[in-house]
Structure formats: C-alpha cells, structure tokens
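The values are calculated or read from the model by the stated rules, or taken from the named source; none is laboratory data. Quantities reported herein were computed from a predicted structural model and do not represent experimental measurements. FYI the Cβ positions are ideal-geometry reconstructions off the backbone, even for glycines, and counts take in every protein chain you see.
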Amino acid sequence: MTPYDALIVGAGFSGLTLAERLCTGRGWRCLVVEKRDHIGGNAADRFDAHGVLVHSYGPHYFRTNSARIRDYLSQFTAWHPVDYTILSFAAGRHWPFPVNLNTFEAYLGRSSTTAEMESWLESHRLPIENPSNSEEVILSQVGREFYELFFRGYTRKQWRREPRDLDASVCGRIPLRTVRDNRYFNDTFQALPKDGYTRLFENMVRACGDRLEIRLRTAYRDVIPHTRFRRLVFTGPVDEFFDHRFGPLPYRSLRFEPESFTPEDLNRRPTPRDQSTFPVPLHHFQPAVQVNYPGDEPFTRIVEVKHATGQVCENTTIVREYPADFAPGSEPYYPIPAPDTAALYRRYEELAGHVATHPRDILPESCGCEGISFIGRLATYRYYNMDQVVGMALKEFEKLASVP
Ligand code: FAD
Ligand code: UDP
C-alpha cells in the first residue's frame, strides 16, 4: 500500500486549495480523488466546440473582500477585472438589477433622485424589524411590488419553495441601492482568472510537483481499501459520507442547456425592442452577461459568459439554467438554506465532529487514518461562494499545519 499524508476527496476549490497548501507548505504527500473526469469541481471552465470559453456548471463570478484570499489565488493566476452587471427580464422588458436608482427610474418611467427613491421605499417597504426569511427580508427592503416583480417567481422556481420557507440570507444576499450602481455585488475585488479557472487549477496542481497525485473518475470508496493515509479530507456531500444514516439532506440541482451562435445566426435574429436602452454588443446574443427570468419561463437565467471573460471571438454561447429536483444521478449543486434542512444537517455535523477525531469509528483500521476534515460547500452544507471555501481551506491548513 502506498502511504500518503492525506487523502483528499474532491478536486474543487476546497480540495485543491488544501492539497496545494499541504504539499508546498508542509511537504506532505497527497492523493486527490475526483469522481468527475476533470479538476476544478463546479468552478471548472472549458472551451466548447465553437471555441467559446464557457463556465461548465453555471456562471462563476469571482469576488471577495479578503486581501488574503485574493493574494493566495494570485500566485496561480493573473486577473481580468470585471464589474459584473446583469439584468432582469420581467413584465416583458429588461430592468437593471439588483434594484437601484436606475431600476426605480425605469419603474416610474421618468428620471428621479436618490432622495425620491428613499422616500418611496420608506412608504412601500413593510415594517419588519428582524426579517426571519427570504420573503420578509425583501418585503422589508423594497416592498411588495419589487418583491413580486423580481424575487417571488425566481425564488420559487430556483428552490421549489416559497421564499418564506428559506433563510433570510438567500434573497438577502442581493444588494439594494438607492444610487446609480448596477453592479451585482459589493465586494472590493471582482475579477475572473485571466486565462480561466481551469488554468488556475492546473497551476495550483503544478506547484505541488510530484508530492501530489490526482486520480480522476475515481470514487473515494474504491480507494479506501487499498490506501494508507494519515488524514482524510472530505469535500463531497456530508450525508453521502455517512450513507444517509439520518436521511438524505435536500439539495437543488440544475440542468444546463447551451446554445451557440455564429455571426450569421446572430444577424438573422430580429432586433430586440429595447436595443437602444440595452444594446447587444457585436457578436453577442444578449445585452448583459446574465439575464434573470423571474416570470413563467421554465429557466431562471440565461448566461453569456463571454461578456465577462472578455474573450474576443465571433461565435458566442449562451447557457439556459433550468432548476431541477435533486435525485440520484444528478449533481447536488445547492444546499438549501432553511430551518428544517439546518436541523437535519446539525445531526450530520455532530457526527462529523465525532469522527473527525475518531476516524476508526467510520474507516477501516487498515487505512491508518488519524483524523478527518470536512470542508467545502457540500461537506459543510453551506451556500458558500468560491472565496469562502478557499478561506475555509486556508483555515483548515493552519489547523493541520500545527499538528506534529
Ligand atoms: P465542489 O466544487 O462541488 O467540489 C467538490 C468535488 O468533489 C466535486 O468535483 C465532486 O465531483 C467531488 N466529489 C463529490 N463526491 C465525491 C466522491 N464520492 N468521490 C470523489 N469525488 C467526489 N461561487 C462564487 O463565488 N461566485 C459565483 O458566481 C458562483 N456561482 C455559482 C453558480 C452555480 C450554478 C453553482 C452551483 C455554484 C456557484 N458558486 C459560485 C459556488 C461555487 O461553485 C462553490 O463555492 C465552489 O465551487 C465550492 O467548491 P468545493 O470544492 O467546496 O465544492
Ligand atoms: N433571486 C431572485 N431574483 C433574482 C436573483 C436572485 O429572487 O433575479 C434570489 C433567488 O432566491 C436566488 C437568490 O436570490 O436563488 C440568490 O441569487 P444569486 O444570483 O446570488 O444566486 P446564485 O448565483 O448563487 O445561483
């Protein structure tokens, strides 16, 4: 049996960050096993058959307020700065989104001011002091009209739940502004890896040299019986790790439907009605990187990531995102932040806390495992962004680095 210092399950942001740190920061020998046929997890990107760089699993807009996380990743990539600006398509027209002074003016059909918008919000928002769910948080910020126009339909489609049955943090993560700022996020650093995420991940792997071995198309259970390792790092779904012993945790899945266009295809399309307000740039399909659809359409958004990557090419590719129930064979893209799911997760969290220091209660003795770490979006059942899982992996590294 080949001995490793760590067996790391999952080659996404969390698994690869910890692998890189342990290999180069501590000289550990690590094995990463990944069940998919590529590295990068859900953040992976690739060039499609039309030569367009696409995000394989939905749009991944990197942003962070942490200089530490930005500096860490900057060792492996240069950056292409982007102010992510998106639109919502509701009631038959495009709107600047998230709600800001430009949205308000479009709603009034005339020019306005921050002061007028603030007083309008004051008289329309519902007086809910401590919003406890996603319906209350939006009603308390913008009132019923904007809630119905932009949030209710989208949220019900995406989560197959009423907004009142989701934590306030779900819709609460969307900013509200009374100034002319159309950006989707407030973070101080917003940029994409200049040559794409997959290149970033390749550079992380390269930095590890021969201390890191990666096995793709490999489920971790298949390697456990033949492998010795001091530490297990698990970044997959925590309920799967424990054979769903308390019942399956709920997730939401997605179906991605790509469509590509040549310049000739684009020329044949009729000119959009609001082309003068929301112009579609040459060799593009739609006016912004992302258009959200809160209405009756079966998809939630259309993403044309070429707007954000800045790739110069004549073809373009869009991806429609259809929300889907999670079932065996589909991917658990989203943990569902809600009180009932949190209660179930807490049971797994407690068990994970126990086996972290008692690995022999779950792994065969032949592994020689001395401890288990659960990190990342799935293993901690948290609706985390990329920077947050990188931060989590860096923290775990500090903990492991202090172990003799
Ligand atoms: P993952 O990327 O899920 O990696 C886990 C890996 O483990 C996977 O590759 C999986 O195949 C592997 N695995 C699981 N089980 C096993 C097993 N039994 N054996 C072997 N391997 C296994 N974040 C942002 O910051 N900005 C965004 O704009 C953004 N957009 C998103 C859009 C969508 C549609 C989704 C789904 C997520 C988005 N995110 C975004 C979140 C981002 O994807 C995650 O924060 C990040 O990718 C999580 O990394 P991870 O390593 O924890 O998990
Ligand atoms: N949301 C909405 N309308 C929108 C955009 C977002 O109701 O036009 C809600 C919806 O519940 C969504 C959540 O806000 O799931 C978070 O949106 P975000 O764009 O951050 O979702 P993600 O990119 O993580 O899928």
TYR84 being in contact (Cβ under 8 Å) with a residue 12 or more places away in the chain and within 16 Å of ligand 2 (Cβ to nearest atom): yes
Filter the range 214-227 for residues that are touching a residue at least 60 places away in the same chain (Cβ under 8 Å) and either of a type in the set (Lys, Arg) or touching a Phe, Trp or Tyr at 6+ places or on another chain (Cβ under 8 Å) (or both) and give the result. ARG215, ARG217, TYR220, THR227
Evaluation of GLU148 against (1) acidic (Asp, Glu); (2) farther than 30 Å from LEU363 by Cβ; (3) in contact (Cβ under 8 Å) with a residue 24 or more places away in the chain (one fails), failing number: (3)
Might you check whether a residue that is at pLDDT 95 or above and under 20 Å from the mean Cα position of the chain (by Cα) occurs anywhere in the range 276-285? no
Taking into account only those residues within the range 159-173 that are assigned to a loop (DSSP other than H, G, I, E, B) and closer than 16 Å to GLY295 by Cα, which is nearest to ligand 2 (Cβ to nearest atom)? ARG161
Looking at this structure, is GLU135 at pLDDT below 95 and either within 16 Å of ligand 1 (Cβ to nearest atom) or closer than 30 Å to PRO335 by Cα (or both)? no
For the range 377-404, which positions are more than 16 Å from ligand 2 (Cβ to nearest atom), assigned to a loop (DSSP other than H, G, I, E, B) and buried (at least 24 other Cβ atoms within 10 Å of the Cβ)? ALA379
Quick one: in the range 14-50, of everything that is among the β-branched types (Val, Ile, Thr) and within 12 Å of ligand 1 (Cβ to nearest atom), which residue is surrounded by the fewest Cβ atoms within 10 Å (Cβ to Cβ)? ILE39
Of all the residues that make up the range 11-48, how many are hydrophobic (A, V, I, L, M, F, W, C) and part of a loop (DSSP other than H, G, I, E, B)? 4
Among the residues of the range 1-42, write down those that are touching a strand residue (DSSP E or B) at 6+ places or on another chain (Cβ under 8 Å) and within 16 Å of ligand 2 (Cβ to nearest atom). none
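Results for (1) in a helix (DSSP H, G or I); (2) under 18 Å from the mean Cα position of the chain (by Cα), shown as yes or no for each residue.
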| position | (1), (2) |
| --- | --- |
| TYR154 | yes, yes |
| LYS157 | yes, yes |
| PRO175 | no, yes |
| ARG180 | no, no |
| ASN186 | no, yes |
I'm checking my understanding of the structure. Among residues of the range 315-330 that are part of a strand (DSSP E or B) and of a type in the set (A, V, I, L, M), which one is surrounded by the fewest Cβ atoms within 10 Å (Cβ to Cβ)? ALA324
Taking the range 331-376 and keeping residues within 26 Å of the chain's Cα centre (by Cα), surrounded by fewer than 17 Cβ atoms within 10 Å (Cβ to Cβ) and farther than 17 Å from ASP243 by Cα leaves PRO339, ASP340, ALA342, ALA343
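Conditions (1) within 15 Å of ligand 2 (Cβ to nearest atom); (2) closer than 23 Å to PRO294 by Cα, marked per residue:
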| residue | (1), (2) |
| --- | --- |
| GLU116 | no, no |
| SER119 | no, no |
| SER123 | no, no |
| LEU126 | no, yes |
| GLU129 | no, no |
| ASN133 | yes, yes |
| TYR147 | yes, yes |
Test result for THR155, among the β-branched types (Val, Ile, Thr), buried (at least 17 other Cβ atoms within 10 Å of the Cβ) and under 22 Å from PRO250 (Cβ atoms): yes
Determine whether THR114 is in contact (Cβ under 8 Å) with a residue 40 or more places away in the chain and within 16 Å of ligand 1 (Cβ to nearest atom). no
Elements of type helices (runs of 4 or more DSSP H) in the range 224-314, at least 1 residues being within 15 Å of ligand 1 (Cβ to nearest atom) and over 22 Å from ARG93 (Cβ atoms): 238-241, 306-309
When the residues of the range 290-304 are filtered to those that are more than 19 Å from the chain's Cα centre (by Cα) and more than 19 Å from SER253 (Cβ to Cβ), which remaining residue is nearest to ligand 2 (Cβ to nearest atom)? PRO294
So which pairs qualify, if the first residue must be in the range 50-67 and under 11 Å from THR309 (Cα atoms), the second must be acidic (Asp, Glu), the Cβ gap must be under 8 Å, and the two must be at least 6 apart or on different chains? LEU53/ASP45; VAL54/ASP45; VAL54/ASP48; HIS55/ASP45; HIS60/ASP45
